[in-house]
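The values are calculated or read from the model by the stated rules, or taken from the named source; none is laboratory data. What you are looking at is a predicted structure, and each value in this text was computed from that prediction instead of being measured. Glycine gets a Cβ as well: all are built from the backbone with ideal geometry, and neighbour counts include every protein chain shown. These accessible areas exclude ligands, DNA and RNA; they are computed on the full protein's heavy atoms, side chains included. Shrake-Rupley method; radii C 1.70, N 1.55, O 1.52, S 1.80 Å.
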Amino acid sequence: MRFTTHMDAALAEARAAAGRGEVPVGAVVVSPAGAVVARAGNRTRELADPTAHAELLALRAACAAAGSERLNGHALYVTLEPCAMCAAAIAHARIRRLYYGAADPKSGGVAHGARVFEHPQSHHVPEIYDGIGAAAAEALLRDFFRARR
């Protein structure tokens, strides 16, 4: 099977989030067959919900569509390294592959900070691929925060 990235769709969700005044993070869940089954951008401010991160919203929608709390075989594309909360949800959902763009040394929970998947308590460890579309994701974040300073 040939690798196809869905990071462009995640970046589109991140741009839409920025347009709503949200931190520009986007996520896309892809089925084992390669179909996009859910997509979301951050909505923490809009929903007044600190858990409304792009990853959680996309996972919730994908689980609802699947009729299951497990997404075995699915992939998640996200523009920014997931935080510890999102990484734990990724483990609980049994995501097979995690692809993320920009690293997050301040709040990341995969390669930085909590490093959720390195703990023996992690229910599941996905295959992790970082740096996919990183330059575009970093530019989006940089421009968003520069405009607010």
Modelled FRET efficiency - R0 30 Å, residue 64 with residue 16, Cβ distances, 0.05 increments: 0.90
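Can you tell me the accessible area per residue over region 29-149, all protein chains present, probe 1.4 angstrom, in square angstrom?
50
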Residues in region 47-81 that a label on residue 127 would reach, taking backbone N under 14 Å of a point 7 Å out along Cα→Cβ: 73-77
Over region 87-149 - Rg/Rh using Cα atoms and the Kirkwood inverse-distance radius: 1.05
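Carbon and sulfur: what percent of region 9-112's accessible surface (1.4 Å probe)?
In region 9-112, the share of accessible area belonging to carbon and sulfur is 54 percent.
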The chain pair-distance distribution - Cα-Cα, 5 Å bins, rounded %: 2, 11, 21, 25, 22, 13, 5, 2, 0
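How big is the charge dipole of the chain about its Cα centre, in debye rounded to the nearest 20, if each Lys and Arg gets +1 on its Cβ and each Asp and Glu gets -1 on its Cβ?
Working: 17 positive and 14 negative charges, 36 e Å.
Charge dipole, the chain, about its Cα centre: 180 debye, nearest 20.
Which number do you get for Rg(Cα) / (2.2 N^0.38 Å) in region 1-73?
1.12
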Region 8-49: relative contact order as a whole-number percent, Cα under 8 Å and 6+ apart: 37
Label-point separation in nm, residue 148 to residue 114, each point 7 Å along Cα→Cβ: 2.1
